[in-house]
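These notes are about the structure you will find just below.
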Amino acid sequence: MERMEQLIRESLQARAQDVEPTPALWLEVDRRVARRRRFQVLSWSLAGAAAVVAAVLAVPAIVGLFDGPEQLEIPPLDRTPAAGVVSTHVVAIEDDGVARLLDLRTGEAVRDLAELGSSRPTSPSRRRPPSTASSSPRSRRPAS
Amino acid sequence: MVTSSLRCETGGDVLAMVRAGTDSGSFAAVFNAHHRQAVRLAYLLTSDADQAEDIVAEAFAKVYVRWQRGDVRDVGAYLRRAVANEANSKLRRRYLERREASKRSGDERGVRTVDDAAADRDEVWQAIQRLPDRQRKAVVLRYYEDLSEAETAEILGCSVGTVKSQVSRGLARMQELLAGSGLAAASEGGGS
């Protein structure tokens, strides 16, 4: 077996001596190194672009998750109230916990609904019982 | 070594400038020191000079990346491993082609020299080419590169026991292949 090993060594050495690298090998190595570098730059660029796209898509979705419960949207109030709702003559007001009627034309408290006449326009104040207005201590003040 | 001393003496910025200017030059020196041996090893593993150069070019390109980062301590050993790995993948790819070629190997022996010793070497080489890939790699690394079984095992990525068995089987196969010539008988006589 030692002779066989010796033969193998000699054969391999002799065969290897016949092989000479071509001068172009270095250029080939250089070309491949450059190609690897380009590939590396390209792959990093693609990875970066993918990360940016992912961030652009993911951030709004993530932020949406933490917005909390949906806010109830309140529509703006109409600038003009519905006709007939607001009185132009008499309104009910609260004064020290006592409901009273106020004549808008005179700016004074109304002692009795009869003073306003029966043809007065309807207002929320008219639905109140007269006894409530008359029982107020301030309503007993004589009208000037 | 040079890099570390430069780092100590001049600092990072200058080192970066120096590296940028000398990297390729330094690697060219590494290439000059190792490429011939690498091509020969690749040739012995593949029996194809063109493919050997292709393997070595790819191996050097891989080594350069690691070498630039300072990861390679022993360029020769790293390069041997890279060449063996590249050869392995090439051989795997052209396995069927090789099997067909090995059938015709008797017809591809080329011009035989009149010198008997040369003829013997040629015959042995033909037998080596007909070894299975793993046995052939183990035999080449052991008897051409003169690596120990442990070093061979490291390069081939297997155990020392596997290397021993591969080499042993390779030698036995060589005996069989050379049985027709007087070489096998001579080797048996020499070994006893």
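The values are calculated or read from the model by the stated rules, or taken from the named source; none is laboratory data. Please read all numbers here as calculations on a predicted model, not as lab measurements. Cβ atoms come from the backbone with ideal geometry, glycine included; neighbour counts cover every protein chain shown. In case anyone asks, the SASA skips ligands and DNA or RNA and just uses the protein heavy atoms, side chains included. Shrake-Rupley method; radii C 1.70, N 1.55, O 1.52, S 1.80 Å.
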Kindly state, to the nearest 0.05, the FRET efficiency for B:ASP50 paired with A:ALA14, given R0 = 30 Å and r defined as their beta-carbon distance.
0.90
A:LEU42 accessible area, nearest 10 Å², 1.4 Å probe?
100 Å²
Ranking by accessible area, most exposed first, for B:LYS164, B:LYS90, B:LYS62 with a 1.4 Å probe:
B:LYS164, B:LYS62, B:LYS90
Sort the following peptides by mean Cβ neighbour count (other Cβ atoms within 10 Å, averaged over residues), highest first: A:51-62, B:68-79, B:123-134.
B:123-134, B:68-79, A:51-62
Am I reading the B/A interface right? What is its buried accessible area, both sides, 1.4 Å probe, to the nearest 100 Å²?
3400 Å²
For A:GLU28, B:GLU154, the accessible-area ranking with a 1.4 Å probe, largest leading, is B:GLU154, A:GLU28
